[in-house]
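A short reminder: the numbers here are calculations on the coordinates, not readings from a lab. Only a predicted model underlies this, so the values are computations on that prediction, with no experimental measurement involved. For neighbour counting, all protein chains shown are included, and Cβ atoms are generated from backbone atoms with ideal geometry for every residue, glycine included.
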Amino acid sequence: MGKVKKSPWLLHYDGSSCNGCDIEVLATLTPVYDAERFGVVNTGDPLQADILMITGGINQQNAPVVKQLYDQMPRPKVVVAVGTCACSGGVFRECYNMLGGADSTVPIDIYVPGCAARPESIMDGIMKAVELFQKRSDEHDQYEKEHKGEAGPVDPNINTARDKVKMQEMKGAADA
Amino acid sequence: MNHTIFYAIGAVLYIVGAPFLGCLMDGAERKLSARMQGRIGPPLLQPWYDFVKLLNKQVVTVDRAQFFILTSYLVLMVMSGAMFFSGNDLLMTFFVLSTTGTFLYFAAIVPSSPYSSMAASRELIQEVCYEPAVLLLSVGFYLATGTFNARAVFSQNTSLVVFLPGFLASYLFAMIIKLRISPFDVSTSHHAHQELVQGVTTEMGARNLALFKLAEWYEMVFLYGVVAVFILNSSLVSVLAAILVDLVIFFCFVLIDNTNARVKWENMLGLSWAVTGLCSGVNLLILMMIR
Ligand code: SF4
C-alpha cells in the first residue's frame, strides 16, 4: 500500500572514523546539495528512521551501539555504509580494536565508496537505498495479500515477510 | 434555523477539510523555510508522503497505552476545533483545547524514556506559557461582545481587532509557543535535531507519529481560525481580509522560525507571561474602563 519512497528519513551514525565522511554527510544536507528536496529528513530517532547511514568502521566499543540502533528501527529499513571505513574498515582496519567495516555488525545493503565519500555519491547511495526501501515495503504488502486470512505467525512480534519466510525455513530444518 | 445549518456545515467542513488544509500549510511551511535558506526544498505534499509512509511502517510499541492516549489527544483536538467552527461556547472550546495539551503530556510520559519524559515536562511548561493568553482571550471576547457565545462573537458589526489589539498580540505570541515554532520549540522541534532527540515524539513511531501529525494539522487550522475571528465582521470583504492577515502571519512565523535560536524554558516562561500581562492586561483594563 502506498508509496513510501518519497519520505526516507535518515539516521546517521558516525563510528570509528576520521570524521571526514561525517562532515560530507552533513554537507549533503546543507543548501548546496539539499537532500530534503527528495524528502530526506535527518532524524536523530531510530524509532522514526527508515535508512541507517553508517560512516566509519566498527570497533569493540561501538559495535553494540550500532546493533542496538539497527534493532530499534522499525521495518522496512535499509542500511547504507558511507566511506571506505564503513565499507571495509579502511585505514583503521589493522588497528587492534577494530572489528572491520559496518558489515561486521549489521547487514549492509548499499556500499558508498570513497575516502571521503563525496556528497554526490552519498546522494546516489541514498537514492539507491530509497528504491530498496520501496521494494521491501512492496514485497511485504504482496506477501500480506497472497497470504491473506491464513493463520498468523506464532510469535506476535514477528510480522514481516522476511521473518515469516525465515520461520518457515527454520521449521523445515527442524522437521528434516 | 438557517444559521444552525450554516454552523453545522462549518463543523463538518473542519472535520473533513482541516487535515488537508493543515497538511498543505505544513508543506508550504517547509517549502518556504527551504526557500528562505536558499534551498529548493521538499515538494508541497511532502507532509502527506511522510504521513502515508508512517502508516506503512512496522508498529513498534513502546507502551500500549500510548496509542490510546494519542487517539484521545486527536479526538479532543478535533472536538475543540469542531466546537469552535460550529459556533459553540468559546470558554468551553478553550478549556477542551487545554485538555488536549495534557493528553500529549501523558502520551510522552507513559513510555518512561528519559528523553520523552523530560520533553513531556517541557510540554507542560509550554502549556503554562500559552494558557494565560488563551484563557484571557475568552475574557476579552466577553468584554468586547458581552457574550461567550461564539456565534455572537463571529457576527459583530466591527472587527474585534479594534477593541482587542492587545489580546491579538498576546494570542499571536501564545500561538508561536503552541505551534512550537523556534525560539519556543523546547518540547519538540519540527526540524531535524533537538537536544532531546525528538522531544515529545521520541518514543512515537509509525502509526503513533502519524496520529500526532494529524492532530497537529487540526490544531494549526484551528489556531489560524481563531486569528480570523479578530478580523471577521458582518461584511464579506472581511473574509478576504482575514485570509490575507492569516497569510501574512503565516509568513512571519516561518521567518521567526528561521531566524531565532531556541531559548531556555525559563526565558520562555518569563517572556510569555510578560507579554501576556502587558498586552492583554492593559487591553483588559482599558476595556473595563470604557465599558
Ligand atoms: S573513509 Fe576516509 S574520510 Fe571517510 S571516515 Fe574513513 S578515513 Fe575518514
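Based on the alpha-carbon set only, what is the convex hull volume of segment B:2-290 divided per residue, in Å³?
Convex hull of Cα atoms, per residue: 123 Å³.
If you take all C-alpha pairs in segment B:191-291, what percent of them are over 20 Å apart?
65 percent
Compute the helix-to-body angle for A:161-175: its Cα long axis versus the longest principal axis of chain A, expressed 0 to 90° and rounded to tens.
Here the helix axis deviates by roughly 60 degrees.
Which value, in debye to the nearest 20, describes the size of the charge dipole of the protein assembly as shown about its Cα centre when Lys and Arg Cβ atoms bear +1, Asp and Glu Cβ atoms bear -1, and nothing else is charged?
That gives a dipole near 660 debye.
For A:Q168 and B:C252, FRET efficiency with R0 = 51 Å and r from the beta-carbon atoms, rounded to 0.05?
Once rounded, the FRET efficiency stands at 0.30.
If each DSSP helix of 4+ residues adds -39,500 (n - 2.57) and the sum is divided by the residues in chain B, what number results at 222 nm, nearest 500 deg cm²/dmol?
After summing the helix terms and dividing by residue count, I get -24500 deg cm²/dmol.
Given a Förster radius of 35 Å and the C-beta distance between A:Q60 and B:L45 as r, what FRET efficiency does 1/(1 + (r/R0)^6) yield to the nearest 0.05?
Efficiency computed from Cβ-Cβ geometry: 0.20.
Run the dipole for segment A:9-120 about the Cα centre, Lys and Arg Cβ at +1, Asp and Glu Cβ at -1, nothing else charged, and hand back the magnitude in debye, nearest 20.
180 debye
I'm a student and want to see the number: the projected area of the Cα convex hull of the protein assembly as shown, averaged over all directions, in nm².
25.9 nm²
How far, in degrees from 0 to 90, does helix A:119-146 lean away from the longest principal axis of the Cα atoms of chain A, to the nearest 10?
10 degrees
Can you find, among A:M98, A:Q134, A:L52, the residue sitting farthest towards the positive end of the charge dipole of chain A, where Lys and Arg contribute +1 and Asp and Glu -1 at Cβ?
Value computed over the given set: A:Q134.
Regarding segment A:9-149, what is the average projected area of its C-alpha convex hull, in nm²?
8.6 nm²
For a Förster distance of 25 Å, can you work out the FRET efficiency between the beta-carbons of B:V139 and B:V75, rounded to the nearest 0.05?
0.40
Output needed for segment B:1-126: three equivalent-ellipsoid semi-axes, defined as square roots of 5 times the C-alpha gyration tensor eigenvalues, in descending order, whole Å.
28, 24, 15
Label-point separation (nm) for A:E120 and B:L21, each offset 7 Å from Cα along Cα-to-Cβ?
Taking the simple label geometry, A:E120 and B:L21 are separated by 4.6 nm.
Multiply the residue gap between A:Q68 and A:E144 by 0.36 nm, knock off their C-alpha separation, and tell me the result in nm, one decimal place.
Additional length available on full extension: 24.6 nm.
Multiply the residue separation of B:S155 and B:E266 by 0.36 nm, subtract the distance between their alpha-carbon atoms, and state the gained length in nm to one decimal.
36.0 nm
Roughly speaking, what is the stretch gain from B:T147 to B:R64, that is 0.36 nm per residue apart minus the C-alpha to C-alpha distance, in nm to one decimal?
25.6 nm
Compute the long axis of helix A:20-29 from its Cα atoms, compare it with the longest principal axis of the Cα atoms of chain A, and write down the angle in degrees, 0 to 90, nearest 10.
70 degrees
Beyond 31 Å between alpha-carbons counts as too far, so tell me which of A:K135/B:K213; A:K145/B:K178; A:K67/B:K264; A:K67/B:K178; A:K6/A:K145 fall in that bin.
Pairs exceeding the cut-off: A:K145/B:K178; A:K67/B:K264; A:K67/B:K178.
Grab the other residues whose beta carbon is less than 11 angstrom from that of B:S98, score K and R as +1, D and E as -1, and report the net.
Charge balance in the 11 Å sphere: -1.
Would you be so kind as to identify all helices of chain B, as entire DSSP H runs, whose Cα atoms reach 30 Å or more along the helix's own axis and whose mean Kyte-Doolittle hydropathy is at least -1.0?
Result, helices passing both filters: B:2-36, B:64-85, B:114-145, B:206-231, B:237-259.
Can you pull the mean other chain C-beta count within 10 Å for peptide A:68-75?
For peptide A:68-75, the averaged partner shielding equals 2.
Per residue of A:45-56, count partner chain C-beta atoms within 10 Å of its C-beta, then hand back the mean as an integer.
4
Would you mind computing, in nm to one decimal, how far apart the modelled labels at B:L285 and B:T4 are, each placed 7 Å from Cα along Cα→Cβ?
4.5 nm
Given labels modelled 7 Å from the Cα in the Cβ direction, how far is it in nm from B:V12 to A:V91?
A separation of 6.9 nm, rounded to one decimal place.
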